[in-house]
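Structure record follows, encoded as structure tokens.
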Amino acid sequence: MGSPKACMSTYLIAVLCLVTGARSAAAFNYADALDKAVLFFEAQRSGKLPPGQRVAWRADSALSDGNASNVDLVGGYYDAGDNVKFGLPMAFTVTMLSWSVVEFGGAMPPGQLANAEAAVRWGSDYLLKAATATPGALWVQVADPYQDHRCWERPEDMDTPRAAYKVTPQNPGSDVAGETAAALAAASLVFRARDPAYSSKLLRAARQVFDFADRYRGSYIDSLSSIVCPFYCSYSGYKDELLWAATWLHLASSPSPSSQSVYLTYINSNGHTLGGEQDAYTVSWDDKRAATKVLLSKLFLQNRVESLRTYKAHADKYICSLVPGAGGFQSQYTPGGLLFTERDSNMEYVTSTTFLLLTYAKYLSSTDGAASCGSTAVTPSTLVSLAKKQVDYILGANPAGMSYMVGFGARYPRRVHHRGASMPSVRDHPARIGCDEGFHYLHSSDPDRNVLVGAVVGGPDQSDSYSDSRDNYAQAEPSTYTNAPLVGALAFFAG
């Protein structure tokens, strides 16, 4: 990789060569990790599984979702280790998975790209249903999480209530609706060339959902607090999702990113009131402020949309906060070098941040630019190097010497906080395992009955310590929104 012949023309190769030129071989098989990261989404599928399903220990589940409300809400993803379908994190998953494919899909071999696109489509198909099933409403959740968490059941067995919940003009949810619009718009870009009819369908729905989110403003915490909190309370409000969605709609709607659109006009007119001038230093399923600034910086850097110049300055500020030694640095890293943001499920912040480091490096590189960090200019190669340290830590370059991706490497978590993985499959144990009977598996110290290949768990604490216990949900639970941005990062390094 470090030879002059290898380091020729493309951004992907050129910047990676700056980082890896001194090494004779890659530390990890990133292509294998990418395969596994995408495979994880098949283990999270809800509904009628397709003929090509590769995770054979899963079977059909939740085939009557929506029936009680006379709508079809079959499909989609279980976002983490339980059997609830939460609309906000599912939509964020689809947005970030789509962004991964849009930015770095060109680095994937055809088979890998097809699997990643299938993962996007499984989510976008469901979001289409949720957005179009009932005029003037958006379905945002299936199942009561309190009832679901009273049982430890395989998704194929579950008999807990599967009530469906929606936001309406009277009970709005601009946060979840805005994210759904962003997801549909981002997914439309994934399929624009390969399936233009489907892409157009996604974009039409995205526009309708965005109009709904913007016209009837309010947070779904207020509308559905009794069944959303404390599981997925949206503490950042809804304004960040509106600006985020408008950005994706501009990219998906315009003939070229530099052309004017109603959404670019919306961004220029409303950005300052929607948090566009607020600096944020994390990105997650809840808070899109930093991610939006990075995405809008693309339009300024690559397409010279001068009205968006201010977002580059804010994106720089976010990026500078992550780089040790740079002006404005304010992040915390573990002794082993892992970005540490939250005690619970810290890896979701690590993977999202890593993805943004790489995308921003790409945007800066396209103009031979750098991030302005006080008196320091931080180059794209510095960002790639920092991102690589995070990816390598996840894959095993850490004080514990273990991979935090299940099924990757010789040593990885064996007791994941995940119902289906912890219990014998329907194929191996056809008889139903009841609600209370399942808790035996939750509290057991036995390894998982099914290896949840590709799942990235919540990860170690601020001291690099990890407890491989199924009861330890803060560290041992995986999620789709942790894996989604990691797909893009792994595609970059695998490329």
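From the list H417, H429, pick out the single residue that is open to solvent by 20 Å² or more (accessible area, probe 1.4 Å) and free of Cβ contacts under 8 Å to residues at least 24 places away in the same chain.
On the way: H417 fails: free of Cβ contacts under 8 Å to residues at least 24 places away in the same chain.
Answer to the selection: H429.
When you go through (1) surrounded by 21 or more Cβ atoms within 10 Å (Cβ to Cβ); (2) of a type outside the set (D, E, K, R); (3) over 21 Å from L242 (Cα atoms) one by one for A291, which number turns out not to apply?
(3)
Scanning segment 141-186 for residues that are in a helix (DSSP H, G or I) and surrounded by fewer than 24 Cβ atoms within 10 Å (Cβ to Cβ), which turns out farthest from the chain's Cα centre (by Cα)? Outline the logic, then answer.
Step one: list which residues in segment 141-186 are in a helix (DSSP H, G or I), which gives 145-148, 174-186.
Going one step further and asking which of them are surrounded by fewer than 24 Cβ atoms within 10 Å (Cβ to Cβ), we end up with 145-148.
Numbers: P145: 21, Y146: 24, Q147: 26, D148: 23 Å.
Among them, the one singled out is Q147.
Answer with yes or no whether F329 is under 23 Å from A397 (Cβ atoms), among the hydrophobic types (A, V, I, L, M, F, W, C) and crowded, with 24+ Cβ neighbours inside 10 Å. First the steps, then the outcome.
Numbers: under 23 Å from A397 (Cβ atoms): yes; among the hydrophobic types (A, V, I, L, M, F, W, C): yes; crowded, with 24+ Cβ neighbours inside 10 Å: no.
No.
Can you tell me how many residues in segment 268-281 are touching a helix residue (DSSP H, G or I) at 6+ places or on another chain (Cβ under 8 Å) and within 20 Å of S219 (Cα to Cα)? Steps first, answer last, please.
Quick first cut of segment 268-281, residues touching a helix residue (DSSP H, G or I) at 6+ places or on another chain (Cβ under 8 Å) only: 268, 270-271, 273-281.
After this cut, where a residue has to be within 20 Å of S219 (Cα to Cα) as well, the list is 270-271, 273-276, 278, 280.
Total satisfying the criteria: 8.
Are there any pairs, at least 6 apart or on different chains, whose C-beta atoms fall under 7 Å, with the first in segment 89-118 and open to solvent by less than 10 Å² (accessible area, probe 1.4 Å) and the second outside any helix (DSSP H, G or I) and of a type in the set (D, E), and if so, which?
As it stands, the answer is P89/D79; M90/D79; T93/D79, since those pairs meet every condition given.
This table checks each residue for (1) modelled with pLDDT under 95; (2) assigned to a loop (DSSP other than H, G, I, E, B); (3) basic (K, R).
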| residue | (1), (2), (3) |
| --- | --- |
| F231 | yes, yes, no |
| G237 | yes, yes, no |
| E241 | no, no, no |
| H250 | no, no, no |
| P255 | yes, yes, no |
| G271 | yes, no, no |
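Out of segment 65-86, which residues are of a type outside the set (S, T, N, Q) and at positive phi?
Our first condition is that a residue be of a type outside the set (S, T, N, Q); within segment 65-86, this holds for 65-66, 68, 71-82, 84-86.
Within segment 65-86, G66, G75, G76 meet the criteria.
Quickly run through segment 187-238 and pick out the residues that are on the phi > 0 side of the Ramachandran plot and either in contact with a Pro (Cβ under 8 Å, 6 or more places away or on another chain) or buried (at least 22 other Cβ atoms within 10 Å of the Cβ) (or both).
Within segment 187-238, the first condition is being on the phi > 0 side of the Ramachandran plot, and the residues that meet it are 218, 237.
Within segment 187-238, just G218 meets the criteria.
Which one is surrounded by the fewest Cβ atoms within 10 Å (Cβ to Cβ) among residues in segment 244-276 that are of a type in the set (A, V, I, L, M, F, W, C) and more than 15 Å from F300 (Cβ to Cβ)? Write out each step before concluding.
At the first step, the residues of segment 244-276 found to be of a type in the set (A, V, I, L, M, F, W, C) are 244-246, 248-249, 251-252, 262, 264, 267, 274.
Add one more test, that the residue is more than 15 Å from F300 (Cβ to Cβ), and what stays is 244-246, 248-249, 252, 262, 274.
Working: W244: 28, A245: 33, A246: 29, W248: 30, L249: 27, A252: 25, V262: 13, L274: 24.
Here the answer is V262.
Determine whether segment 378-395 contains at least one residue that is touching a residue at least 40 places away in the same chain (Cβ under 8 Å), out of contact with any helix residue (DSSP H, G or I) (no Cβ under 8 Å at 6 or more places or on another chain) and either in a loop (DSSP other than H, G, I, E, B) or open to solvent by 30 Å² or more (accessible area, probe 1.4 Å) (or both).
Yes, some residue in segment 378-395 is touching a residue at least 40 places away in the same chain (Cβ under 8 Å), out of contact with any helix residue (DSSP H, G or I) (no Cβ under 8 Å at 6 or more places or on another chain) and either in a loop (DSSP other than H, G, I, E, B) or open to solvent by 30 Å² or more (accessible area, probe 1.4 Å) (or both).
Scan segment 298-313 residue by residue and report those that are assigned to a helix (DSSP H, G or I), in contact (Cβ under 8 Å) with a residue 24 or more places away in the chain and touching a helix residue (DSSP H, G or I) at 6+ places or on another chain (Cβ under 7 Å). It would help to see each step written out before you state the result.
At the first step, the residues of segment 298-313 found to be assigned to a helix (DSSP H, G or I) are 298-303, 306-313.
Next, only the ones that are in contact (Cβ under 8 Å) with a residue 24 or more places away in the chain stay: 298-299, 301-303, 307-308, 310-311, 313.
Result: K298, L299, L301, Q302, S307, L308, Y311.
Condition first: outside any loop (DSSP other than H, G, I, E, B) and either farther than 22 Å from A33 by Cβ or in contact (Cβ under 8 Å) with a residue 60 or more places away in the chain (or both). Now tell me which residues in segment 330-357 satisfy that.
Correct list: M347, E348, Y349, V350, T351, S352, T353, T354, F355, L356.
The values are calculated or read from the model by the stated rules, or taken from the named source; none is laboratory data. The structure displayed is predicted, hence computed values, not measured ones. Cβ coordinates were reconstructed from backbone atoms using ideal geometry, including for glycine residues, and neighbour counts include every protein chain displayed. Keep in mind that these areas ignore ligands, DNA and RNA; they rest on the heavy atoms of the full protein, side chains included. Shrake-Rupley method; radii C 1.70, N 1.55, O 1.52, S 1.80 Å.
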